[in-house]
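*Asks:* Please find one structure pasted underneath; my questions will follow.
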Amino acid sequence: MSAGALDAAEGLAKAAFFESLWVSVVIPAAIPIVPIAYQAQGNPGKLWRAADGWKEMVGKLEQSQQKIEELTRRVAESQWAGDDRDAFESKMDDYSAQLDFAIVMAWSVIVALYILAVLIAVFIYIMFIIMTLLAIFATAICIAAGTIVGAPAALQLEAQANQYAAMAYKVLNVSSTAIELVSKGAAIVWGAFLTTNMVGQLFKGNTDVFATFGKATMNGADDMLKGALAYLLTKRTAGVFGANPATALGVPLSSRVGAMTTAEKFAGTLMTADTLNGGNILGIPFSGVGASYGSEDGDNDGKPDGQEYVDETQPHR
């Protein structure tokens with residue numbers, strides 16, 4: 001599988017959201033699906049590419065380990081022996097061990113990103129299929145209701161559609177809850193590996209590890225804040241539709257019977273704008289925060305700020 005195979009999910013997620021809006025107008029039981037489809041927007045292909053990037057980094061770390069081994073073996077023990085030789089080999093072993101800790105942590109990120117990319121893509125494909133079927137139901141109901149002969153059939157069709165929508169909501173809510181639980185679990189596991197890596201680095205002689213982590217955290221603080229803001233705005237907008245009673249695993253305990261409220265219609269309009277924009281329109285005023293990081297050249301010295309940060313925090317490179 002490649003990232004390209006997952007990129008199509010982004011467009012399907014948008015299509016599923018707009019289908020959910022249309023369906024919710026005709027089939028009340030489908031209204032709770034709208035916030036699920038809204039929060040499912042994204043491109044799992046980007047997660048796959050991120051995992052590929054981490055994998056490339058692991059390859060470079062492994063190459064560094066090979067260089068260390070080559071350097072250690074370059075001079076035979078018959079030509080250089082004694083305390084200096086022992087100290088040199090001990091230091092090289094520490095460097096190699098530091099790389100081992102980093103490689104293990106990197107692999108934990110790689111595995112988590114690959115798994116999440118596939119799970120999210122599968123969820124989006126399922127959501128699109130379900131919403132397309134519901135959209136066909138909704139269209140058929142409208143067509144039937146528009147004729148005198150088909151009006152009685154439209155009522156029966158609407159009842160069947162509401163039953164199907166309730167089942168669809170159950171499937172999607174349980175699936176989205178499962179993905180959320182997996183994401184939280186992956187974050188916990190990654191945090192454990194990160195802590196292990198930092199402690200291991202420290203005990204193997206990297207006394208700057210915590211200072212480097214602190215600088216990296218400060219350097220990425222703007223992106224973390226913008227990400228947190230986007231998450232809160234998305235959750236708050238979706239929350240206008242209310243919290244439907246459900247079990248810890250996301251199994252709904254009731255079905256929606258009423259039509260959209262005024263607040264939900266307003267939230268649906270905002271969701272539409274966010275989906276078309278590819279992000280929260282209420283977060284646009286904050287989109288420029290921290291724009292000088294990464295590939296930008298904030299001090300106009302001809303060198304990207306991201307590279308300057310790497311040089312400052314990792315002078316051995």
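The values are calculated or read from the model by the stated rules, or taken from the named source; none is laboratory data. Predicted model only: the values in this text are computed from it and were never measured. Reconstructed Cβ throughout: ideal geometry from the backbone, glycine too, with neighbour counts over all protein chains shown. What goes into the accessible areas is simple: the full protein's heavy atoms, side chains included, and nothing from ligands, DNA or RNA. Shrake-Rupley method; radii C 1.70, N 1.55, O 1.52, S 1.80 Å.
*Asks:* Could you tell me how many of the residues in segment 215-228 are of a type outside the set (G, A, S) and in contact (Cβ under 8 Å) with a residue 40 or more places away in the chain?
*Replies:* Here the count works out to 6.
*Asks:* Pairs, please: C-beta under 6 Å, at least 6 apart or cross-chain, first residue touching a residue at least 12 places away in the same chain (Cβ under 8 Å) and open to solvent by 60 Å² or more (accessible area, probe 1.4 Å) and in segment 196-214, second assigned to a helix (DSSP H, G or I) and polar (S, T, N, Q)?
*Replies:* K204/Q98
*Asks:* While we're on this one: Collect the residues in segment 8-25 that are more than 22 Å from the chain's Cα centre (by Cα), surrounded by fewer than 22 Cβ atoms within 10 Å (Cβ to Cβ) and closer than 15 Å to L133 by Cβ, keeping them in residue-number order.
*Replies:* Result: W22, single match.
*Asks:* Residues of segment 55-83 being modelled with pLDDT under 75 and of a type in the set (V, I, T), which ones?
*Replies:* Across segment 55-83, the qualifying residue is only V75.
*Asks:* Can you tell me which residues in segment 230-272 are under 23 Å from the mean Cα position of the chain (by Cα), in a helix (DSSP H, G or I) and surrounded by fewer than 16 Cβ atoms within 10 Å (Cβ to Cβ)?
*Replies:* Within segment 230-272, Y231, L232, K235, R236, G239, T272 qualify.
*Asks:* Same structure, new question: Tell me which of these I188 doesn't satisfy, since it passes every other one: (1) surrounded by 11 or more Cβ atoms within 10 Å (Cβ to Cβ); (2) over 30 Å from I27 (Cα atoms).
*Replies:* (1)
*Asks:* In segment 264-294, which residue that is farther than 26 Å from W22 by Cα and aliphatic (A, V, I, L, M) is modelled with the highest pLDDT?
*Replies:* Once the filter is applied, the top-ranked residue is I284.
*Asks:* When the residues of segment 94-131 are narrowed to those that are within 26 Å of E180 (Cα to Cα) and aromatic (F, W, Y), which ends up surrounded by the fewest Cβ atoms within 10 Å (Cβ to Cβ)?
*Replies:* Applying the filter and picking the extreme gives W107.
*Asks:* Related question: Would you please name the residue that is surrounded by the most Cβ atoms within 10 Å (Cβ to Cβ), looking only at residues in segment 155-164 that are touching a residue at least 12 places away in the same chain (Cβ under 8 Å) and hydrophobic (A, V, I, L, M, F, W, C)?
*Replies:* A161
*Asks:* What are the pairs, 6+ residues apart or on separate chains, where a residue within segment 165-194 that is among the aromatic types (F, W, Y) has its Cβ under 7 Å from a residue that is in a helix (DSSP H, G or I) and open to solvent by 70 Å² or more (accessible area, probe 1.4 Å)?
*Replies:* Sorted first by the residue in segment 165-194, then by its partner, the pairs are F193/V104.
*Asks:* How many of the residues making up segment 40-60 are within 15 Å of F128 (Cβ to Cβ) and surrounded by fewer than 20 Cβ atoms within 10 Å (Cβ to Cβ)?
*Replies:* Adding up the residues that qualify gives 2.
*Asks:* Cβ contacts < 6 Å: first residue under 30 Å from D52 (Cα atoms), restricted to segment 79-107; second residue among the charged types (D, E, K, R), any location; separation 6+ or different chain. Result?
*Replies:* Listed pairs, sorted by first residue: D94/K204; A97/K204; Q98/K204.
*Asks:* Within segment 132-154, restricting attention to residues that are part of a helix (DSSP H, G or I), farther than 16 Å from A30 by Cα and among the aliphatic types (A, V, I, L, M), which residue is most open to solvent (accessible area, probe 1.4 Å)?
*Replies:* If we filter segment 132-154 for residues that are part of a helix (DSSP H, G or I), which is where we start, we get 132-145, 151-154.
Restricting the remaining residues to those that are farther than 16 Å from A30 by Cα gives 143-145, 151-154.
Still in the running and among the aliphatic types (A, V, I, L, M): 143-145, 151, 153-154.
Numbers: I143: 114, A144: 21, A145: 62, A151: 39, A153: 55, A154: 5 Å².
Among those residues, the one meeting the criterion is I143.
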